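Remarks on the structure that follows.
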Amino acid sequence: MRIQENTAFNTIAHKLQIPTDELLRLSLHRFLEHQLRLINTQIFEFYGKYSISSVEEMDSRYQEGTLEEENSWRDLQHLDHLEYKRDELVKLFEFL
């Protein structure tokens with residue numbers, strides 16, 4: 001969808017008296033913040049569940065055998081994926 005063709009977007013920008021490119025930038029920034037907040041919430045749930053501060057610490061504890069194995073391997077993989085997504089989202093902020 002092109003911004004110039006989106007009349008709702010243009011109408012909102014006009015009503016708010018801001019340029020459409022600024023509204024787009026602000027919208028993307030807010031969207032990325034929201035996604036980052038959702039991912040961080042999930043990450044912190046794993047941190048609390050396993051009393052860890054990073055996926056590396058969880059991996060280390062898993063390798064040492066200090067974590068019970070039932071579901072922890074799946075959780076480790078999920079946490080690793082979430083931390084990767086978080087890092088990618090943070091990188092996207094550079095484009096704004």
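The values are calculated or read from the model by the stated rules, or taken from the named source; none is laboratory data. From a predicted model like this one, the values you see are computed outputs, not experimental measurements. All Cβ positions, glycine included, derive from the backbone under ideal geometry; neighbour counts span all protein chains shown.
Worth a mention:
For every residue, the table says whether it meets (1) more than 22 Å from Glu94 (Cβ to Cβ); (2) over 25 Å from the mean Cα position of the chain (by Cα).
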site: Asn6; (1), (2): yes, yes
site: Asn10; (1), (2): yes, yes
site: Ala13; (1), (2): yes, yes
site: Glu33; (1), (2): no, no
site: Arg37; (1), (2): no, no
site: Glu45; (1), (2): yes, no
site: Gly48; (1), (2): yes, no
site: Val55; (1), (2): yes, no
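- Taken over the stretch 43-96, the criterion of being surrounded by 16 or more Cβ atoms within 10 Å (Cβ to Cβ) and not in a helix (DSSP H, G or I) is satisfied by Ile52, Leu67.
- Screening Glu70 against (1) over 30 Å from Arg25 (Cβ atoms); (2) in contact (Cβ under 8 Å) with a residue 24 or more places away in the chain; (3) of a type in the set (D, E, K, R) leaves a single unmet condition, (2).
- Condition check for Leu38: in a helix (DSSP H, G or I), modelled with pLDDT under 95 and among the hydrophobic types (A, V, I, L, M, F, W, C): no
- Filtered residues of the stretch 24-42 (kept if surrounded by 12 or more Cβ atoms within 10 Å (Cβ to Cβ) and of a type in the set (S, T, N, Q)): Ser27, Gln35, Asn40, Gln42
- Meets criteria (touching a residue at least 24 places away in the same chain (Cβ under 8 Å) and part of a helix (DSSP H, G or I)) for Leu23: no
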